[in-house]
Every structure is written in C-alpha cells, then in structure tokens.
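Student: What follows is a structure written as structure tokens; I'll ask about it next.
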Amino acid sequence: MPHPTQVVALLKAQQIRHIRLYDADRGMLVALANSGIRVMVSIPNEQLLGIGQSNSTAANWVSRNIVAHYPATNITAICVGSEVLTTLPNAARILVNAMKFIHSALVASNLDNQIKVSSPLASSIILDSFPPSQAFFNRSWNPVLVPMLNFLQSTGSYLMLNIYPYYDYMQSNGVIPLDYALFKPLSPTKEAVDANTLVHYSNVFDAMVDATYFAMAFLNFTNIPVIVTETGWPSKGDSNEPDATMENANTYNSNLIRHVMNKTGTPKRPGIAVSTYIYELYNEDLKPGPISEKNWGLFDANGDPIYILRLTDSGSLLANDTTNQTYCTAKEGADPKMLQAALDWACGPGKVDCSPLLQGKPCYEPDNVIAHATYAFDTYYHRMGKTSDACDFNGVADITTTDPS
C-alpha cells in the first residue's frame, strides 16, 4: 500500500472529502489530521468479541483510536464490525453490546453527538427485496436487529448497508437486466414496477435502499436514515464473470455519483440524497478469490486511475484523472483532406458549435485546418465525457495532456 501521507495527498488531489477506513490504523489517522476530510473508522470483526464482552476493552479502544486523534482528525462515525450477521454469525449475539459499550465510551468523552455508532449490514439480510414494499429482514436475525434498530433510533444514528448490484445481477440468472443494474436510462416499459405502490424503479440501487426502509417499517422503525457504506463494480473478472469490465465499472460508478449528487433520492424518499461510499479507493492485487475481488478500485497502488470517470456534469468532483486534464487535438502530419472531412463532420453531424471559427470571431486565427480541427475535436471530446472513442475521428486525432488553446 502507498504510505498514509501519499494516500492523503491522493484524496486531496481528487477532492475526496469523506472516506471509510476498515480499521483505525494509527498512521492513517495521523496523516488525516487537519486535512478536513471526514473519516469513518472501523472495528475489525476479529476485535469484536473482546469489545462486546468488556466495557473496559471498549473504553480502551475509544481512548486509543478516537480520543487520541479527535478533533484534529475529523472522525464522524465508528463502524462496529462489518457484515457480522452474514460473515461472523457467532459474534452476532454480542454485536449490539459492542455498539452500546463503544457508545458509552463516547458519551463519557462527550463525543456522542459528533460521532455516530453503527454496523454495516450485507443487503442479503433482506429477504424478498422486490417489490420493495414487501421486503422484510430475515426473521431469524430479529433478536439482533430489533435491539440494534432501537439503539440506532435512540442515538440518532443511521443504518449502514452494503449494496452490490453487481452480485444481485450475477445471481439473478438473467432476471435483472444489466442496464437496470448499471443505472442506465430505461424506457418506462423496461422499469421495474412495485405492484403494491405502482412506483417505478429504474435501478437496483434505489430498489434496495427502499426495500431497507420498508423492512425497517415492517418492524415499526420509520425514522432511521440509510447510508450505503459500500457499493461499486469490478473492472476485471474471470472468464465466468464477463460483465466485470472496465466499461461497466466506469458506467456504474459514474452513474452512481451523478445519481447521488443530483439529490433525486429514492422513490420512497424523494429529494433526500443517499450518502454513499464507493468500494474502493485502491485495487487489491493480493486479495484471494476470483480476479474480480482484486479489481474494485478506482486507482492502482501508484495512484494512477484504473479508468477516467465520466463526470462532465458533476464539476470537479473525483475526476480521477491524475494529470487532471486531457485534450483532443489534430494529429501532427495527418492528411489535410481527412482532417477537413473530420472537421466538417464535427461541425455538422457531431453538433459542435463551430461559429467561433468564422472570420472575425475569437478562434479564427490561426486560419489553418489543424488549428480549426483541434478546436472542433476538443470541444466534441469534452462534450462526450472525454472517452477515448470520442477522440478518434478516423485516426486523425490524439489525446494529449497539453492544452492546445
């Protein structure tokens, strides 16, 4: 892994303001101090049993990992374990105790209002998640979930949920269309309809979030917000994972960011943005399991982006282009006739506004086909979200990091 200071430098360069750590690594917490980045820390599953059985172990953990770093490091939440019910069922009985002990230690340090305590759940604990209005939690977990929801409600915390449309799609045997998993625009006839509420769903993500709200309501909890602590899409997979591709990962994460940032919310909670964490910052090349397990990251360990997110409409949020800017220019030495043909296409069917190239207008000089083609190519390339295929023009264009203007 890169050194913690390199990680923080990358976060700052990418204007990432919120992160979730899978532990409470001291090096990371020190490096994050005074960065303004909001941090969620986690208690790893292997430490749960100790904390859930001893108030003093919990108090110790809080003083060492929270009090020692706060407020210089802006810690906002503690994730107690991760997907405990599904991955470590023998620890489930002490999970809520662990949450309560950690919370008591925060109260003792007068930090309970600033730092929330919760525990990320796998979405698989919701049975019958479609239609959302009929969703309910796996009842065998009610002895844990009811006290947990009581705790979240009484402390003003939120339900943390990990949502993976990739796995929902893979396991659906063709029932879930790929476009529905990837947030691609669907015609109303292709949208999924909840027969009880007649609400239309255009993506798996919203349907899962709403299913969680309905499942909580089924247990009479109606005012606990849901935040998504993990979601993403792998950029590479084994031969039996044909949809783990760079294109699909880019489409999912780009559409996810746009969807969350435009604050449409979900059909059940319109206008309330669902706070969401992308899994994950870095690829993990040493992770065991299928190839996809190693390839969820937005960056490799050198900080180079795995793909450039298509976020033309979201301002400078996470462009993950570490050079920060790319442009599309006419190729040196390209055939002038082919350049002229590509320029004509860009200003015609390509719908680029080429009026600034007219005589007397700001981009008329220099009056040659290379300069005019570069103007049109670059305008088109930016409008199409800077994808590599938007800078081809039959081979007479090149992507560059030098600003041609």
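Student: At 1.4 Å probe size, put Cys391, Cys347 in order of accessible surface, largest to smallest.
Tutor: Cys347, Cys391
Student: Can you pull out the trypsin sites (Lys or Arg not before Pro) in segment 198-304 whose DSSP state is coil and whose Cβ has at most 13 other Cβ atoms within 10 Å?
Tutor: Counting only loop positions with at most 13 other Cβ atoms within 10 Å, the trypsin sites (Lys or Arg not before Pro) in segment 198-304 are Lys263.
Student: If Ser118, Ser54 are ordered by their accessible area, calculated over protein heavy atoms with a 1.4 Å probe, which sequence runs from highest to lowest?
Tutor: If we order Ser118, Ser54 from most to least accessible, we get Ser54, Ser118.
Student: Oh, and also: Considering only protein heavy atoms, what is the solvent-accessible area of Ile176 at a probe of 1.4 Å, reported in Å² to the nearest 10?
Tutor: 40 Å²
Student: Cut-off under 19 Å on the C-alpha distance; same-chain residues fewer than 8 positions from Lys100 excluded. Which aspartates and glutamates are left, in chain and number order?
Tutor: Asp23, Glu46, Glu83, Asp112
Student: How much net charge surrounds Trp345 when only the other residues with a Cβ under 15 Å from the Cβ of Trp345 are counted, with Lys and Arg +1 and Asp and Glu -1?
Tutor: Once all neighbours under 15 Å are counted, the net charge is -3.
Student: Give the cysteines in the chain for which no other Cys Cβ lies under 4.7 Å away, or write none if there are none.
Tutor: Here Cys79, Cys363 come out as lacking a disulfide-compatible partner, given the Cβ-Cβ threshold of under 4.7 Å.
Student: Taking the simple approach of a point 7 Å from Cα along Cα-to-Cβ for both Asn110 and Glu365, what is their distance in nm?
Tutor: 6.7 nm
Student: Any idea how far apart Asn45 and His18 come out in nm if each label point goes 7 Å out from Cα toward Cβ?
Tutor: 2.5 nm
Student: Of Lys184/Lys236; Lys263/Lys386; Lys12/Lys331; Lys184/Lys337, which pairs sit farther than 27 Å apart, going by alpha carbon to alpha carbon?
Tutor: Lys12/Lys331; Lys184/Lys337
Student: Which shape class, rounded, prolate or oblate, goes with segment 2-316 when its Cα gyration tensor gives a ≥ b ≥ c as root eigenvalues, a/c under 1.5 marks rounded, and past that a/b bigger than b/c marks prolate?
Tutor: The shape class here is oblate.
Student: On the full set of protein chains, 1.4 Å probe, figure out the accessible area of His103 and give it in Å² to the nearest 10.
Tutor: Solvent-accessible area, nearest 10 Å²: 40 Å².
Student: When only Cα pairs under 8 Å and 6 or more residues apart are kept, what is the percent relative contact order across the chain?
Tutor: Relative contact order of the chain: 11 percent.
Student: Heads up, I need the accessible area for Thr197: 1.4 angstrom probe, whole protein in place, Å², nearest 10.
Tutor: 60 Å²
Student: Show Glu46, Glu191 ordered by accessible area, largest first, where the area counts protein heavy atoms only and the probe is 1.4 Å.
Tutor: Glu46, Glu191
The values are calculated or read from the model by the stated rules, or taken from the named source; none is laboratory data. All values derive from a computational prediction rather than experimental measurement. As a convention, Cβ positions derive from the backbone with ideal geometry for all residues, glycine included, and neighbour counts pool all protein chains shown. Please note that ligands, DNA and RNA were not included when accessible areas were found on the heavy atoms of the full protein model with its side chains. Shrake-Rupley method; radii C 1.70, N 1.55, O 1.52, S 1.80 Å.
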